[in-house]
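The values are calculated or read from the model by the stated rules, or taken from the named source; none is laboratory data. The shown structure was predicted, so the numbers you read here are calculated from the model rather than taken from an experiment. Here the Cβ is made from the backbone with ideal geometry for all residues, glycine too, and neighbour counts use every protein chain on show.
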Amino acid sequence: MNTIVSEWKQYICRACGVIYDEEAGDPDSGLAPGTRFADIPDNWECPLCGVQKSDFAPYEPMGAASSEESVAITTRETGVVIVGGGTAGWAVAEALRALDADVPITLVTACEGDRYRKPELSVALSQNKTAQSMIAEAASAAATRLKVRLLRNTFAVGLSPSLYQLRTTSGPVRYTHLVLAQGACPVMPHALPKDLCWRINDLVMWSGVQGALASGPKRIAVIGAGLIGCELAEDFARAGHSVTVLDVNAAPLTGLLPEKASARLLSSWTTAGVRYKARSRVTSITRNHNGERVIQTTNGETLHADLVLSATGLTTEPQLARAAGLRFDNGIVVDSHTLQTSAPDIYALGDCISLDGAPCRFIEPIAGQAEAIAHAVLKRPHPGYQHQPPVLRVKTRSLPILMRGAPSRDLQWEVVDEDEQQLSMAQYRDGAVTASLKVGQRSLELAT
Amino acid sequence: MESAMLADNARVERWTDDAVMANVERISDGPLKAAAVRIDEGYYPLDIMTALGQAGALGVHLDRHGARVGLSVDAMQRASRACGATGFLMWSHDVCGLYMEQSGNPALSGARLDAHAEGRTFGGTALSNPMKAFSGIEPMMLRATRVPGGYRINGTLPWVSHIATGQYCGAIAGVERDDGSVSHEVMFMLDCDERVELRPCPVFSGMEGTSTWGVRLKDYFVGEAQIIADPARPFIARIRPAFILLQVGMALGVSQGAIDSSLEVEPMLGHVNRFLSDRPNELRAELDDAAQQAQRLARTPYDGSKDYLLEVLDVRARGSELALRAAQASLLHQGARGYLMSAAPQRRIRESHFVAIVTPALKHLRFEMARLCKEEFPA
């Protein structure tokens with residue numbers, strides 16, 4: 001900058017803030033560029049607001065806020081935001097409130113957010129339950145009790161970790177800590193159209209199935225003989241429906257149970273009235289003019305059913321995590337002790353996470369995960385979450401199944417004890433039991 | 001005349017990313033900034049659109065020019081920073097070019113598209129009503145009847161922008177069977193010739209220079225050369241993400257202009273403005289984050305997945321929310337100066353309202369996102 005230019009001065013109107021720059025002048029009011037402020041006639045008026053020359057003061061620019069740097073506001077006390085109104089979401093709200101009476105909590109849920117015991121869904125139909133009777137606590141009551149701001153029927157659609165901003169279908173929400181408890185959703189293979197196949201993974205879906213079955217005994221096809229498929233198939237049969245289970249494997253619960261154990265389950269189904277179509281892969285499901293669902297399999301078989309239930313597994317919706325740049329590997333990747341995701345101040349728990357690359361979709365671990373997150377968020381000392389393989393109780397009432405420990409596909413199951421009513425098996429590594437399995441129960445134990 | 005219709009290859013070859021942005025910047029900071037108030041009041045800036053077209057700002061999103069959707073968004077953002085109405089005209093023009101190219105109709109995608117892409121001819125889009133109709137928000141306004149060699153169209157659209165006699169726009173009509181029921185929809189180029197009645201619209205509160213007219217069609221014949229897509233729905237499903245994503249340039253530009261206005265008064269008013277929320281640096285962080293998201297999405301404009309569309313709707317909604325907050329903040333930051341009729345902040349308040357209500361409006365975006373997120377079950 002040369003010396004001449006640096007001598008130009010600026011004056012600011014104290015009324016409206018307009019700046020008179022000697023270098024630029026004010027040609028509109030007859031002041032040529034280069035007109036010194038001192039040389040301006042006294043009757044000159046502010047070109048913007050009309051006040052007089054005497055209302056102007058010398059102006060020295062202060063340091064302006066840098067126009068280059070970006071500052072995300074993260075310090076505002078916006079509180080904890082929980083995404084998900086299922087068991088995991090509410091567990092975090094409970095755990096936080098138990099430790100701190102005042103921390104602001106917002107719970108964003110895609111559904112109504114009413115609280116119920118999810119494992120009941122797979123045995124409720126034969127017990128003549130209704131959606132209403134299964135609600136243990138209405139969402140609004142839980143929200144009042146726990147002082148939680150509730151955003152119901154609201155979907156989380158976007159997340160910017162650097163801005164501490166969650167975007168929802170009810171608008172953006174700021175957080176100081178975010179807890180993702182969004183759950184998992186049923187996988188739907190291409191051959192299974194969503195408008196023809198029911199799934200059960202929450203109370204609303206269960207209620208839909210219950211409504212569809214309310215008018216009397218129906219022919220039901222259950223696609224997939226995993227945990228959910230097996231439990232529901234038995235429950236439907238017990239409720240008086242005619243049930244056929246289709247699976248790509250030779251026996252139900254393949255992959256979880258050794259052959260010897262699944263054979264027992266299969267034979268128990270004969271008495272329970274559940275038919276099993278082994279090695280059946282569904283190629284298409286259509287609706288015929290009678291309103292029946294027509295199921296075609298790769299074996300060339302055709303089945304007719306009044307209702308099809310798909311139970312082909314669960315998966316975590318990756319959209320929110322991926323768009324936010326969170327690490328994702330079969331679920332939202334979290335630290336196995338802190339349950340923090342790959343982004344600071346964002347935690348996750350329950351069905352949506354993966355620990356060491358694998359999801360663990362059971363109810364039991366959730367309380368411990370919620371505890372750990374609540375302590376971390378509130379900066380209270382805590383040893384961290386310690387993952388234990390949960391005890392697995394398959395609610396197949398014709399043949400109860402109980403599994404403990406960490407079964408491995410690489411290890412053989414060995415029979416420990418076997419009679420007509422019960423089969424006990426175990427897996428060993430270096431002589432120590434790593435997993436145990438009990439299939440069926442002796443009549444003496446039935447009393448308990 | 002023939003030679004005038006041919007693409008100016010030499011000029012088009014000069015549309016490198018840097019050259020396009022440098023020219024758009026020059027136009028935006030020069031003639032466009034100077035004309036912003038006039039455009040807001042009713043001046044239709046075809047001279048500026050011509051310059052933007054020559055610079056490549058209206059053509060680079062097309063496949064024939066490298067499908068540089070991100071660059072298109074950037075250019076629109078740069079211009080909208082100076083004038084939101086012009087940003088909207090650019091978007092209208094851009095999507096019209098998209099329809100022409102994606103139609104695969106040689107009569108639309110040849111020399112006619114070259115002229116359009118270079119800003120030698122002008123046309124917009126009349127899809128506000130059909131887009132809402134496809135989402136079940138309102139009924140389809142135009143009706144088509146099949147006749148030998150094409151369709152006959154009847155009906156009225158309340159307001160269509162960036163049209164005039166001699167210009168054109170993409171439009172959609174529901175095709176009626178003999179019994180009056182609708183079999184499907186047809187998308188066509190509506191050439192605003194002497195057969196089309198353009199009716200003045202009521203005065204809007206701003207952005208009056210967008211040449212917005214009511215369109216009345218009475219037995220308007222559409223022939224083969226004008227067909228964009230028949231049926232229209234699969235075509236719309238394919239281009240919808242790009243249609244919505246391109247608008248983000250307008251939203252972010254209005255936001256950025258508003259942040260500029262807040263920063264402008266920082267030297268004299270910073271000591272009191274620090275008591276306001278939505279400070280410029282805070283908004284800038286959000287702007288940068290949204291712009292990055294838009295640029296990432298712009299790399300795959302024809303990704304047909306649900307997740308992709310959801311993210312496009314998200315960034316578009318962000319654009320509206322940010323524009324509203326930034327414009328509001330700029331007026332509060334500038335105080336009385338920003339309230340003057342000639343001041344940018346009060347104009348941007350109205351521009352930001354437009355950003356938030358133009359199709360897809362903020363409420364429609366949220367409605368659509370909720371719809372996409374909902375699982376489908378048997379009836």
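May I ask you to verify whether residue A:233 is within 23 Å of residue A:279 (Cα to Cα), crowded, with 18+ Cβ neighbours inside 10 Å and of a type in the set (Gly, Ala, Ser)?
yes
Here the range A:5-51 is the region considered, the condition is being among the polar types (S, T, N, Q) and in a loop (DSSP other than H, G, I, E, B), and the residue that is modelled with the lowest pLDDT is A:43. Within the range B:204-223, residues that are within 18 Å of residue B:189 (Cβ to Cβ) reach partners that are assigned to a strand (DSSP E or B) and among the hydroxyl-bearing types (Ser, Thr, Tyr) with beta carbons closer than 7 Å, at six or more positions or on different chains, in the pairs B:215/B:156; B:216/B:156; B:222/B:151.
Looking only at the range A:83-122, which residues are over 19 Å from residue A:364 (Cβ atoms) and in a loop (DSSP other than H, G, I, E, B)? Scanning the range A:83-122 gives A:85, A:100, A:101, A:102, A:103, A:104, A:109, A:110, A:111, A:112, A:113, A:114.
Taking the range B:348-379 as the range and being part of a helix (DSSP H, G or I), in contact (Cβ under 8 Å) with a residue 40 or more places away in the chain and within 14 Å of another protein chain (Cβ to nearest Cβ) as the test, the residues that pass are B:362, B:364, B:365, B:366, B:367, B:368, B:369, B:371, B:372, B:373. The residue pairs whose first member lies in the range A:40-62 and is free of Cβ contacts under 8 Å to residues at least 40 places away in the same chain, whose second member is among the charged types (D, E, K, R) and in a loop (DSSP other than H, G, I, E, B), and whose beta carbons are closer than 6 Å, counting only pairs six or more residues apart or on different chains, are A:53/A:42. Restricting the search to strands (runs of 3 or more DSSP E) fully inside the range B:170-247 and requiring at least 2 residues that are surrounded by fewer than 19 Cβ atoms within 10 Å (Cβ to Cβ) gives B:182-191, B:197-200, B:213-223. The residue that is nearest to the chain's Cα centre (by Cα), among those in the range A:256-265 that are free of Cβ contacts under 8 Å to residues at least 40 places away in the same chain and more than 12 Å from residue A:413 (Cα to Cα), is A:262. Would you mind stating whether residue A:17 is closer than 19 Å to residue B:342 by Cα, loosely packed, with under 14 Cβ neighbours inside 10 Å and within 14 Å of chain B (Cβ to nearest Cβ)? For residue A:17, the condition - closer than 19 Å to residue B:342 by Cα, loosely packed, with under 14 Cβ neighbours inside 10 Å and within 14 Å of chain B (Cβ to nearest Cβ) - is not met. Please indicate, with yes or no, whether at least one residue in the range B:51-71 is buried (at least 24 other Cβ atoms within 10 Å of the Cβ) and under 25 Å from residue B:324 (Cβ atoms). The answer is yes; a qualifying residue exists. In the range B:287-295, the condition of being at the interface with chain A (Cβ under 10 Å from one of its Cβ atoms) and either touching a residue at least 60 places away in the same chain (Cβ under 8 Å) or not in a helix (DSSP H, G or I) (or both) is met by no residue. Residue count for the range A:157-194, restricted to those that are more than 9 Å from chain B (Cβ to nearest Cβ), in contact with a strand residue (DSSP E or B) (Cβ under 8 Å, 6 or more places away or on another chain) and closer than 20 Å to residue A:334 by Cα: 13. Figure legend. Inter-residue proximity from the range A:414-439: first residues farther than 11 Å from residue A:264 by Cβ, second residues in a loop (DSSP other than H, G, I, E, B) and hydroxyl-bearing (Ser, Thr, Tyr), beta-carbon distance below 9 Å, spacing 6+ or different chains. Indicated pairs: A:427/A:408; A:429/A:408; A:434/A:408; A:435/A:408.
Say whether the condition of being within 14 Å of chain B (Cβ to nearest Cβ), more than 22 Å from residue A:319 (Cα to Cα) and aromatic (Phe, Trp, Tyr) is met by at least one residue in the range A:198-218. Yes: one or more hits. Among the residues of the range B:271-283, those identified as surrounded by fewer than 18 Cβ atoms within 10 Å (Cβ to Cβ) and part of a helix (DSSP H, G or I) are B:271, B:272.
For the range B:134-160, a tally of residues being farther than 20 Å from residue B:226 by Cβ and either at pLDDT 95 or above or among the acidic types (Asp, Glu) (or both) returns 1. Residue A:323 meets all of the listed conditions (1) more than 14 Å from chain B (Cβ to nearest Cβ); (2) in contact (Cβ under 8 Å) with a residue 12 or more places away in the chain; (3) more than 21 Å from residue A:376 (Cα to Cα) but one, namely (1).
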